[in-house]
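Every read-out reported here was derived from the displayed coordinates using simple, explicitly stated rules and does not represent laboratory data. The structure displayed is predicted, hence computed values, not measured ones. Neighbour counts run over all protein chains shown; Cβ positions are idealised from the backbone, glycine included.
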Amino acid sequence: MQNLYRLCLIFSCLGLAANALDLELDGSFKSIMTHQRLRQIGVFPYDDSLVAEQRLRLKGSFTHSWLYLEVAKEASLNFRQPYRPTPAANQFAPESAWPARWVAIDEDNYQFIHRFDRLFAQLSFDSLQITIGKQAVSEGVGKIFNAVSQVPRQPLVLVDPEWSRPEDALSLVWNGPFTIETRYLPRTATQRKDNFHLRAKGTSSTGYDIALTTGKSDDKPYVGVETAGNLGESLLYAELVGYEQLGTDYLQWLIGLDHAISSKLRITLEAFYNGFGAVEKPYLFSAALHRSTPFRGRWYGGMVASWEATERLRITQWVVVNCADISSLWHLYSSYSLSNNTEFLLGQFLSVGDSRSEFGGKLPIIAGAEIGVPDLTYAAFKWYF
């Protein structure tokens with residue numbers, strides 16, 4: 001608990017300093033209850049688990065002339081059933097280049113984790129903006145899928161991914177007649193060399209934004225093109241990226257349509273081709289070729305539909321379909337605003353597919369052990385201050 005006391009002391013000092021300096025402090029508290037139906041064999045001692053998470057987020061920002069600093073720290077206290085994995089599962093996600101997550105307490109029934117979610121400095125000079133540190137990185141035009149990233153985006157089954165996952169980077173953005181973005185991403189412990197992104201974006205005579213991209217992602221050089229623009233009352237967007245690794249070329253592309261059917265109903269449709277995916281099932285975890293792509297197959301379709309039922313109630317349906325094995329992952333949730341700064345969520349993740357499909361089945365990780373995407377039911381209360 002010593003780390004929790006230190007965390008409270010730090011933000012208490014920041015609160016006192018806010019009276020004398022140009023500081024802004026805010027935060028949120030979330031209480032989350034989840035029930036998971038674990039789809040597994042030989043990994044956990046039983047198939048169902050209950051988890052209660054208490055998550056505190058505190059953010060401080062400082063602005064002065066051309067300088068902006070932001071720090072956001074999250075602390076989570078998790079109460080759970082003792083279901084530690086029996087075998088040590090392989091880790092395919094690159095670690096952070098700059099470590100910012102610590103497990104202070106790790107017992108069978110509870111765990112205390114704290115991490116820096118944002119920690120960056122931003123310098124702004126006329127048309128030039130420089131940002132260094134742990135920051136949210138906007139990459140590509142996809143809303144459901146992603147073609148270029150240094151690290152995987154949020155896991156497929158995650159309750160309330162309100163803030164974009166940060167990346168460790170040095171970013172430069174120049175806003176002139178067109179926009180140029182450059183980004184240096186230091187290598188992680190599981191990568192051979194540093195990575196980088198370069199993006200040049202402008203607007204064509206037809207009104208469509210067009211961007212050319214190049215760089216290196218997860219140790220693989222790439223080049224790409226992306227576009228987005230209005231098609232009637234809809235937004236049409238597309239992205240094409242080519243990778244090279246050890247003399248082999250890989251292709252990823254996506255195309256999507258975002259349309260407001262009415263003032264209360266909006267729908268997004270997206271198709272995605274994953275050149276790093278396996279042609280046939282089973283999709284072995286050990287065959288992961290690109291850690292920035294969490295999907296295991298080749299062809300996917302996705303949809304997000306959001307309906308504002310009342311001024312306080314919003315219902316959202318999210319679904320991703322593996323078109324090869326016809327398995328799907330569904331996420332239905334409702335959000336009810338209790339007041340201006342409190343909200344209640346109720347949701348369900350559900351996997352559908354046969355025993356060897358990506359979402360409905362179990363994928364082998366080691367001999368005698370298989371695991372798949374869990375079904376998860378959750379309720380969450382959020383308070384902002």
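Key figures for this structure:
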| quantity | calculated |
| --- | --- |
| Largest-first ellipsoid semi-axes for the range 278-358, taking √(5λ) over the Cα gyration tensor eigenvalues, angstrom | 33, 13, 10 |
| Gap separating the Cα centres of the range 329-378 and the range 131-202, nearest whole Å | 26 |
| Lys, Arg +1 and Asp, Glu -1 on Cβ, resulting dipole of the range 301-385 about Cα centre, debye, nearest 20 | 160 |
| Trypsin sites (Lys or Arg not before Pro) within the range 185-273, DSSP loop, no more than 10 other Cβ atoms inside 10 Å | Arg192, Lys193 |
| ³J(HN,Hα) computed for each position of the range 22-31 - Karplus, 6.51 cos²θ - 1.76 cosθ + 1.60, integer Hz, glycine/proline x | 7, 10, 10, 10, 7, x, 8, 10, 10, 10 |
| Surrounding net charge for Phe116, when Lys and Arg each add one and Asp and Glu each subtract one, Cβ distance under 9 Å | +3 |
| Size-normalised alpha-carbon gyration radius of the chain, reference 2.2 N^0.38 Å | 1.03 |
| Anisotropy class of the range 172-245 from Cα gyration tensor, a/c 1.5 cut | prolate |
| Order by protection proxy (mean Cβ within 10 Å, highest first), peptides 103-113, 52-62 | 52-62, 103-113 |
| Extreme residue, positive dipole direction of the range 300-384, given options Leu350, Val321, Gly361 (C-beta unit charges) | Leu350 |
| Cα principal axis extents for the range 321-385, largest first, Å | 49, 26, 14 |
| Two-site FRET efficiency, Phe381 against Phe79, from Cβ-Cβ distance with R₀ of 22 Å, rounded to 0.05 | 0.90 |
| Rel. contact order, % - alpha carbon contacts under 8 angstrom, at least six apart, the chain | 14 |
| Compactness relative to 2.2 N^0.38 Å, alpha carbon Rg of the range 102-224 | 1.25 |
| Gain upon complete extension [Leu289, Tyr110; 0.36 nm per residue less C-alpha separation] | 61.0 nm |
| Residue among Phe125, Phe295, Phe145 with the largest mean-square fluctuation in a Gaussian network model of the chain, springs linking Cα atoms under 10 Å | Phe125 |
| Most mobile of Gly142, Gly360, Gly247 in a GNM of the chain (Cα contacts under 10 Å) | Gly247 |
| Student exercise, the range 169-309 dipole from Lys, Arg, Asp, Glu Cβ charges, in Debye to nearest 20 | 440 |
| Too-long pairs where the Cα-Cα distance tops 24 Å, listed order kept, from Lys134/Lys264; Lys134/Lys362; Lys59/Lys382 | Lys134/Lys264; Lys134/Lys362 |
